[in-house]
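Read the structure below first, then the notes.
The values are calculated or read from the model by the stated rules, or taken from the named source; none is laboratory data. Predicted model, so just to flag it, every value in this text is computed and none were measured. Here the Cβ positions follow ideal geometry from the backbone for every residue, glycine too, while neighbour counts run over all protein chains shown.
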Amino acid sequence: MINVPAVNLLHTSTVARWHIQPVDHPYGDPQEALANSSDPAPEQVLAIICQQHQFNYLLWHEEDIARSVDVSDSQIAQVKRNIDKYNQARNDWIEKVDDWITADLQRKQIHAAAEAKLNTETPGSAIDRLSIMSLRIYHLREQLDRADIDQAHIDKVSHRLAVCGLQFADLSNSLAELLADIYSGAKRHKTYRQMKMYNDPSLNPYLYNRQAKTS
């Protein structure tokens, strides 16, 4: 089963790590983890979760650039493409986390009770939210290290940090409870496919209509 404190440590430690060195794979090769999905070792799922987290990290910083007023139109166009790419990948890897849980349940021969209900979100989606929360907390703390801030700014950021800390703890506890329920058979688990349309030339109306006009 996924260890929530280990996930939290992964998220917080890698956010700090990646801000001082290039993004890497400290938990192992995620593609190798997918290929060895029959291996129940915790490192396998942590590698998959870390890859999902990396896309959130990259997406966060591309969105910072997108909101800048001192970049050229051509840069913004490239940033928009990067945002679409990373957002697609982020969602793809949420599904891979949930698929790992499905495989792990099958390995352990755990079946949901007949009366078991579904949760409003999957563990993969909750892990994605924790990933984003860890990024938000890191960047809020960064705000307190600025030399150009006044007390009003410090008070605002400190309040937001306190709220985020509570939300992070609540979501962590809820995820741990959800996983316990899934692994006891009290709740059902399934992967929800995001089926993003905007990156698919056959499903994006602008792209397929444009292709039809040029052919």
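Just a few scattered comments:
- Across region 71-78, not a single residue is classified as at negative phi and touching a helix residue (DSSP H, G or I) at 6+ places or on another chain (Cβ under 6 Å).
- Scope region 167-204; condition modelled with pLDDT of 95 or more and over 18 Å from the mean Cα position of the chain (by Cα); matching residues: E177, A180, D181, I182, Y183, S184, G185, A186, K187, R188, H189
- Figure legend. Inter-residue proximity from region 8-28: first residues within 23 Å of C164 (Cβ to Cβ), second residues assigned to a helix (DSSP H, G or I) and among the aromatic types (F, W, Y), beta-carbon distance below 6 Å, spacing 6+ or different chains. Indicated pairs: V15/Y138; W18/Y57.
- Restricted to region 97-106, and to residues there that are of a type in the set (D, E) and either under 22 Å from T12 (Cα atoms) or under 16 Å from the mean Cα position of the chain (by Cα) (or both), the residue that is surrounded by the most Cβ atoms within 10 Å (Cβ to Cβ) is D98.
- So Y138, is it over 14 Å from the mean Cα position of the chain (by Cα), over 19 Å from Y192 (Cβ atoms) and part of a helix (DSSP H, G or I): yes
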